[in-house]
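Everything below concerns the one structure shown next.
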Amino acid sequence: MARKKIALIGAGNIGGTLAHLAAQKELGDVVLFDIAEGIPQGKALDLSQCGPVQGFDAKVTGTNDYADIAGADVIIVTAGVPRKPGMSRDDLLGINLKVMQQVGEGIKQNAPDAFVICITNPLDAMVWALREYSGLPHNKIVGMAGVLDSARFATFLAWEFGVSVRDVNAFVLGGHGDTMVPVVEYSTVSGIPVPDLIKMGKSTQEKIDQIVDRTRKGGGEIVGLLKTGSAFYAPAASAISMAEAYLGDQKRILPCAAHLTGEYGVDGLYVGVPAMIGANGIEEVVEIALDDTAKDNLNVSIGTIKELIEACKGIDSNLG
Ligand code: A3D
């Protein structure tokens, strides 16, 4: 059987980390694409030389030519610019929208059968725009944010409860921004919901509220520390878990920015919701019952996504 092909559009911090993870896990041969000449080729050569040390045979190549992504099974898009301190994700909109146009056309012409995972910010608008520009079916394009945001929430909960991260299942809905909705009721430690753990005296509502707030601002906290860019290890690991779910037809239910057609009262937008990923891409959107507060918070987050989409349409009148 031919090896799978993983194309990474954007060979920056996340792209390079994705390439390393994909090669290490032997998900397939890896093609790193970037407009910057030399960067994808240099990273690919460096990563190829990890092969003998780490014992992987995956071929890693770098390119500036979209033709080289032809036949890719999975494409992960990180092309664009990341945040600098003081910038919101939305400040990136104008620049990254133009990048999505180029990437969308590159995918349409060269790899229209791929499963595409978008990471470029502002995520919920960029995944929508990438779908518009590429013309791919909605089930074959998804945004990565929820896995990362939930991982951040899970990390902080594990620290708070003093337990293994393996036993924490945390859950974040909504857009990837400060209005995201960490859902405390559906977050558990070995199946025990966080509100029950509070009743058991393992934490307090105040501490959990602080963790929810820290999760919402989790990306900004890292931008503030790094000063020259944004998080990349956990974003890359998160997207790889989504790629694995697709390639292995794992039917995993992961929080991701999926296209909604009526679920959660939303039509035609990409919003962070639990969705099943298998060999057909996004196979199902899972609609969970939410209490009034979570519903209100989700509606605020959806309102922010709608504003971003309108801003995209304002920049490019051909959209939508
Ligand atoms: P960075 O290290 O700057 O890499 C971006 C790469 O994109 C650079 O190598 C650029 O040369 C390349 N690039 C720019 N324009 C184009 C183009 N037109 N075609 C192809 N390549 C291009 O950034 P990064 O890897 O740290 O972050 C990438 C994106 O992910 C940014 O938009 C971040 O804001 C976003 N991000 C999203 C999350 C989510 O959870 C959604 C988390 C972290 C970062």
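For the stretch 91-130, residues that are touching a Pro at 6+ places or on another chain (Cβ under 9 Å) and either in the same structural domain as THR304 (by the TED database) or more than 9 Å from the ligand (Cβ to nearest atom) (or both) total 2.
Conditions (1) over 18 Å from the mean Cα position of the chain (by Cα); (2) surrounded by 13 or more Cβ atoms within 10 Å (Cβ to Cβ); (3) not aromatic (Phe, Trp, Tyr), marked per residue:
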site	(1), (2), (3)
SER203	yes, yes, yes
GLU206	yes, no, yes
LEU226	yes, yes, yes
ALA231	no, yes, yes
ASP249	yes, no, yes
ILE253	no, yes, yes
ILE277	no, yes, yes
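When you check ALA245 against the structure, is it touching a Ser or Thr at 6+ places or on another chain (Cβ under 9 Å), assigned to a helix (DSSP H, G or I) and either of a type in the set (A, V, I, L, M, F, W, C) or within 16 Å of the ligand (Cβ to nearest atom) (or both), yes or no? No; evaluated as a whole, the condition is false for this residue. A single member of VAL147, VAL168, VAL81, VAL189 is within 20 Å of ILE35 (Cα to Cα) and in contact with a helix residue (DSSP H, G or I) (Cβ under 9 Å, 6 or more places away or on another chain), and it is VAL81. Only residues that are modelled with pLDDT under 95 and under 28 Å from GLY28 (Cα atoms) were counted across the stretch 97-122, and they come to 1. Are any residues in the stretch 20-38 under 19 Å from GLY106 (Cα atoms) and within 14 Å of the ligand (Cβ to nearest atom), and if so, which ones? If the condition is that a residue be under 19 Å from GLY106 (Cα atoms) and within 14 Å of the ligand (Cβ to nearest atom), then VAL31, LEU32, PHE33, ASP34, ILE35, ALA36, GLU37 are the ones that fit. Taking the conditions exactly as written (among the basic types (Lys, Arg) and under 24 Å from SER134 (Cα atoms)), does LYS306 satisfy them or not? Taking the combined requirement at face value, the residue satisfies it.
Within the stretch 205-226, residues that are under 20 Å from VAL81 (Cβ atoms) sit with their Cβ atoms under 6 Å from residues that are surrounded by fewer than 16 Cβ atoms within 10 Å (Cβ to Cβ), at 6+ positions apart or across chains, in these pairs: VAL223/PRO85; GLY224/PRO85. Of all residues in the stretch 1-18, those being crowded, with 20+ Cβ neighbours inside 10 Å, within 11 Å of the ligand (Cβ to nearest atom) and within 23 Å of VAL53 (Cβ to Cβ) number 7.
For the stretch 132-176, a residue qualifies if it is within 15 Å of the ligand (Cβ to nearest atom) and at positive phi, and exactly one does: GLY174.
The values are calculated or read from the model by the stated rules, or taken from the named source; none is laboratory data. Note that this is a predicted model, so its numbers are computed, not measured. Methodologically, a virtual Cβ is constructed for each residue, glycine included, from the backbone with ideal geometry; neighbour enumeration extends over all protein chains shown.
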